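J.: What follows is a single structure, and I will ask about it in a moment.
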Amino acid sequence: MFEGDLAHATDDELRAAVDAADVFSLLPAVAHLTGDLSVLVPECRVDPAMLIQPDLGLTEEQLEAGRRAAFESLRRHRDAGAPPAPPPTPDALRQM
C-alpha cells in the first residue's frame with residue numbers, strides 16, 4: 001500500500017491505493033485533493049433509493065469506471081507536481 005508522497009508515487013502504487021479504497025469515499029476525496037471535478041463520474045452517482053444495497057446498487061463496471069477516473073486524476077495531479085488545489089467553491093462542495 002502506498003504510504004509516501006503523492007508527487008513521488010509510481011503508477012503501481014497509485015493503482016494499489018485506488019483499488020484498496022472505497023469508491024464512494026475516494027471520488028470526492030480525489031476531487032478535493034486535486035481540484036478535478038471531472039473525477040465525479042456520472043456512472044458513480046448514488047441513487048438514494050439504493051443506499052441499503054451492496055455497493056449502493058452500482059455494478060462492478062460502474063465501480064471500475066470510478067476507480068479508473070480516480071487513478072487518471074491522481075496520475076495527472078502527480079505528473080503536474082502534486083500542487084495544492086485551490087479552495088473548493090460552494091458549488092464544487094455540493095458536487096462532492
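J.: Among the listed residues Ala29, Ala82, which satisfies the condition of being closer than 18 Å to Gln95 by Cβ and either touching a Pro at 6+ places or on another chain (Cβ under 7 Å) or modelled with pLDDT of 90 or more (or both)? Break it down into steps so the answer makes sense when it comes.
T.: On the way: Ala82 fails: closer than 18 Å to Gln95 by Cβ.
Going through Ala29, Ala82 in turn, the sole match is Ala29.
J.: Quick check on the range 1-24: of everything there that is within 17 Å of Gly81 (Cβ to Cβ) and hydrophobic (A, V, I, L, M, F, W, C), which residue is modelled with the highest pLDDT?
T.: Across the range 1-24, the extreme among qualifying residues is Leu14.
J.: List every residue pair whose Cβ atoms sit under 6 Å apart, with the two residues 6 or more apart in sequence or on different chains, where the first one lies in the range 66-77 and is of a type in the set (S, T, N, Q) and the second, anywhere, is crowded, with 23+ Cβ neighbours inside 10 Å.
T.: Ser73/Val30; Ser73/Val39
J.: Test Pro87 against the stated conditions and say whether it is free of Cβ contacts under 8 Å to residues at least 40 places away in the same chain and either open to solvent by 80 Å² or more (accessible area, probe 1.4 Å) or out of contact with any Phe, Trp or Tyr (no Cβ under 7 Å at 6 or more places or on another chain) (or both).
T.: On the way: free of Cβ contacts under 8 Å to residues at least 40 places away in the same chain: yes; either open to solvent by 80 Å² or more (accessible area, probe 1.4 Å) or out of contact with any Phe, Trp or Tyr (no Cβ under 7 Å at 6 or more places or on another chain) (or both): yes.
Yes; evaluated as a whole, the condition is true for this residue.
The values are calculated or read from the model by the stated rules, or taken from the named source; none is laboratory data. Since this is a predicted model, take the numbers as computed values, not measurements. With ideal geometry, Cβ positions are generated from the backbone for all residues, glycine too; neighbour counts draw on all protein chains shown. We work out accessible area using only protein heavy atoms, side chains counted, and drop any ligands, DNA or RNA first. Shrake-Rupley method; radii C 1.70, N 1.55, O 1.52, S 1.80 Å.
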